Amino acid sequence: MSSATSSDTIPITVVSGPLGAGKTTLVNRLLSDSGDRRIAVVVNDMGEVNVDAELLEGDTEDGIVDLSNGCICCRLQDDLVTSVTRLAEERSFDYLVVEASGISEPQPIARTLTMGTEEGALPEQFRLDTTVSVVDAYGFWKAFDPEESLPDAAPDPERPLTEVLVDQIEFCDVLLLNKCDMVPDDALDDIEASIRELQPRATIYRTTYSEVDPDAVLGTGAFDFEETRRQQGWKRALAGAQGSGDSEGDAGHEAGDTHGHDHDHGGQSAAEAHGVESFVYRRERPFHPERFDAFLDDWDGRVVRAKGFAWVASRPETVLGVSQAGPAVQAGPIGEWGDDDPATRLVFIGQGMDEAALTARLDDCLAADEERNAAYESDPFPRES
């Protein structure tokens, strides 16, 4: 048996991904091709019966903890800490794999495993080592195509597939673009370019049946909580626009930098070669609430992701957070402007976007002088769709 690391800590790999993406297939591969690794597994499912845990138990005698009927990114955070602690007391292992439910957001799970909860924290022998997102290439392809119906395996009607996908893509160290055999090669290039714009930091592997070298997802040492949060594509674009002193209407394209992961496209990044881009819309005039709400209803199929902060005339003191993942939109209050000067800052990431047309549409939503201090009888925010 080899030790997990040069220290005595046990590395944890968290595997996230929508229902049907290939998470359980990946975990089974790790267990069946473990070599001299001793792997324990925690499996989370939203149902009363954890089907994934049963599938794993059929193929291995290793330690498996079943966390059912809840989500470890919210309701079962304390159970996750308790179960991992108890597992360490009962069994000897040198790697821990946590398979999250299909609707779990990886960032809260990472926070639980690194900072603990109000009830307690993990023993010092553990460290979060790698966050892995398994993305169904076919599901991604169809979910962001306005002319196609969504795949049958949407994870939860409360959380649209596109929203789940983007959450899990934006926060990870390693990304498996799985089911590549179901998508044409040219479409795969487009998908990877879009993912790279959303997530500039992660290492991407194209896979079929989640087949990947275990060393790519176990004991990588890649996890860095603050770096992962900071390197999300929309944050890089927004920071780049602010740092360069862009004036109103100027675009910030900093998210196109992919840290050397791009292939050679004649001097272009992979994103540029496939028409994937980002720009920042900034205005120091509030939106008319109803016109801006109508804009959010009318999804431009070329926009994969929109994220940022909006100033709305009906709530002059309120920061309105905006998050759009394909056709799924959330917009609601996230704080007060306080001493900061109110200003809308929205990042758009997509393929073949018409920046000028989008900018013009947003400008049409701005409140006229006589509308800025109007008494609004109705307010469409917060909203989710």
Wholly enclosed helices (runs of 4 or more DSSP H) of the range 183-298 bearing at least 1 residues modelled with pLDDT of 85 or more and either open to solvent by 50 Å² or more (accessible area, probe 1.4 Å) or closer than 30 Å to residue 96 by Cβ (or both) = 185-198, 225-230, 289-297
So which of 42, 14, 27 is in a helix (DSSP H, G or I), touching a strand residue (DSSP E or B) at 6+ places or on another chain (Cβ under 6 Å) and modelled with pLDDT of 80 or more?
-> 27
Could you grab the pairs with beta carbons closer than 7 Å, sequence gap of 6+ or different chains, first residue in the range 36-51 and more than 25 Å from residue 129 (Cβ to Cβ), second one at pLDDT 75 or above and small (Gly, Ala, Ser)?
-> 46/101
Inspect all residues belonging to the range 336-343 and state whether any of them is of a type in the set (D, E, K, R) and in contact (Cβ under 8 Å) with a residue 40 or more places away in the chain.
-> yes
Looking at (1) closer than 26 Å to residue 144 by Cα; (2) open to solvent by 10 Å² or more (accessible area, probe 1.4 Å); (3) of a type in the set (Gly, Ala, Ser); (4) touching a residue at least 12 places away in the same chain (Cβ under 8 Å), find the lone condition where residue 326 falls short.
-> (2)
Hey, any hits in the range 340-358 for a residue that's modelled with pLDDT of 90 or more, surrounded by fewer than 15 Cβ atoms within 10 Å (Cβ to Cβ), closer than 28 Å to residue 187 by Cβ and among the aliphatic types (A, V, I, L, M)?
-> yes
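The values are calculated or read from the model by the stated rules, or taken from the named source; none is laboratory data. Note that the coordinates shown come from a computational prediction; the quantities given were computed from them, not determined experimentally. Heads up, the Cβs are rebuilt from the backbone with ideal geometry, glycines too, and the neighbour counts pull from every protein chain shown. What goes into the accessible areas is simple: the full protein's heavy atoms, side chains included, and nothing from ligands, DNA or RNA. Shrake-Rupley method; radii C 1.70, N 1.55, O 1.52, S 1.80 Å.
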